[in-house]
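Trainee: The structure under discussion is supplied below as structure tokens; questions concerning it will follow.
Any read-out appearing in this document is the output of simple, stated calculations on the displayed coordinates, not a laboratory observation. Since the model is a prediction, treat every value here as computed from it, not as a measurement. Cβ coordinates were reconstructed from backbone atoms using ideal geometry, including for glycine residues, and neighbour counts include every protein chain displayed.
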Amino acid sequence: MSAPSIPNLLSLRGSRGGSRGRGRGGSHRGSSSGPSASHDTTIQGTDTDAAVSRLSAVELGYLIDPFASYFVAPSPPPFYSGPGPGLPTPRRLPIINRGTYTRTTAIDILIHHFLSSTFSTGKPRQIVSLGAGTDTRCFRLFTSSQKHQNIHYHEIDFPVIISKKNTLIRTVPALNGILSPPMPLPNPATNQSYVSKQHANPKTGNTLTLHPLDLRFFPSSPSSLPGLSQECPTLLLSECCLCYLPPSTASDIITSFTSCFPSLGLVIYEPILPGDAFGRMMISNLAARGVTMPTLAVYQTQEDQERRLLEAGFREVRSRTVDQIWEEWVGEGERERVDGLERLDEVEEWKLLAGHYVIVWGWNEGEG
Ligand SMILES: C[S@@+](CC[C@H](N)C(=O)[O-])C[C@H]1O[C@@H](n2cnc3c(N)ncnc32)[C@H](O)[C@@H]1O
């Protein structure tokens, strides 16, 4: 569970140890005032929260991710005056670490299912991550199994975030050892002002294409994104991203995929239940940080989220709250291992928090 999704708890109790309308032609649907630079900076900052939460879960043994540390800058000690080690990564609360673990594991399971169920097509498979930020999943995937070949991973985020990621991949040997230096991809539509860059691994055929793009200006045809083909089985992923967009923009983006990608799956992770006491507190704490999640008002429940995907054109849809995933998907032995990592006294609080986040997935072909 990423920190931006839980500022309610962090601001209530402190973390342990320290520490948007889609428009074409410049219009901004769903917002009367249009995007402001400071609001965008706040939303971009949620990626840092997510990266720190990931590293906290890794350092405590919840997750294995050799790449997480490269995306978190060491914080300088107080009165820092030169080179030298920074402060240790802030540790998140045990319930936050468990949330990050459960959400990450569940999305990994769904992605592996997509990859194994589309393996026999013999076609390249595409994963398109909306608001990918500094997520490390692509690197974990490309190094986790020999079978993972011919995967075209696309990440979309604001230019400032993509540029940071691109620089890191170019300069960190552990990252550029997996993928070659980036090649700029030509933009098929001359009026697009962004340049996508593709990192490739010639041995496996895997590629990572980074698209610097404000999703509020997403093209009406996704296949105009450089390197993206509507002929390949494709999984669209939004891990706490579409919730920051105006609802009409978010649904336009989803339907632009369902209308032209015949073999499509979608995985969304978002908060729900804004109307109860916990939800109201969550919203007011987000607002205090200048963060709004407009889709939360429209898709308030698990059922609303499922309906959203059915209305967008998916044939089959399922959902589970993070709480349900912990109970139903994590095996007993693994639950014991995770329980043993940190003392978690706040069981009720965990259930409350984990019940307010949902993973919804849908597909339009095959058996999902
Ligand atoms: C909470 S972070 C999640 C990052 C990543 N998906 C993860 O789970 O680790 C939300 C991400 O969505 C991106 N985002 C939000 N609105 C966006 C927009 N209009 N265009 C592009 N990216 C956006 C932010 O920049 C940020 O990287």
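Trainee: What percent do you get for the relative contact order of segment 99-228 when only Cα pairs under 8 Å and 6+ apart count?
Mentor: Once normalised by length, the contact order is 24 percent.
Trainee: Counting other C-beta atoms within 10 Å, and keeping those with at most 11, which DSSP coil trypsin sites (Lys or Arg not before Pro) do you find in segment 268-352?
Mentor: R343
Trainee: Let me make sure I get this right: for segment 297-356, a, b and c are the square roots of the gyration tensor eigenvalues over alpha carbons, sorted descending. Under 1.5 in a/c it's rounded, otherwise prolate if a/b > b/c, else oblate. Which is it?
Mentor: oblate
Trainee: At 0.36 nm per residue, and after removing the present C-alpha to C-alpha distance, how many nm does the segment from E327 to T301 gain when stretched out fully? Mind showing how you got there, number by number?
Mentor: Numbers: separation 26, 0.36 × 26 = 9.36 nm, distance 1.94 nm.
Result for the pair: 7.4 nm of gain on full extension.
Trainee: Check L93: other-chain or 5+ apart residues with amide H under 5 Å from its amide H, H built from backbone geometry?
Mentor: Those qualifying (amide H under 5 Å, at least 5 residues apart or on another chain) are R16.
Trainee: Starting at 0 and stepping by 5 Å, how many percent of the alpha carbon pairs of segment 264-316 end up in each bin?
Mentor: Bins of 5 Å from zero give 4, 19, 26, 21, 13, 10, 6, 1 percent of pairs.
Trainee: With a cut-off of at most 12 other beta carbons within 10 Å, and DSSP calling the residue loop, which trypsin sites (Lys or Arg not before Pro) in segment 143-242 qualify? Please list them. Mind showing how you got there, number by number?
Mentor: Details: sites: K147, K164, K165, R170, K197, K203, R216; in loops: K147, K203.
When the trypsin sites (Lys or Arg not before Pro) of segment 143-242 are filtered for loop state and at most 12 Cβ neighbours within 10 Å, K147, K203 remain.
Trainee: Check V128: other-chain or 5+ apart residues with amide H under 5 Å from its amide H, H built from backbone geometry?
Mentor: Under 5 Å from the amide H of V128 lie the amide H atoms of H154, L235, L236, L237, each far enough along the sequence or on another chain.
Trainee: With 10 Å bins from zero, work out the P(r) of segment 166-281 over every alpha carbon pair and list the percent per bin.
Mentor: Reading the bins upward from 0: 12, 33, 35, 15, 5, 0.
Trainee: Something else about it: If amide hydrogens are placed 1.01 Å from N in the peptide plane, which non-local residues have theirs closer than 5 Å to the one on L213?
Mentor: The answer is D157, F158.
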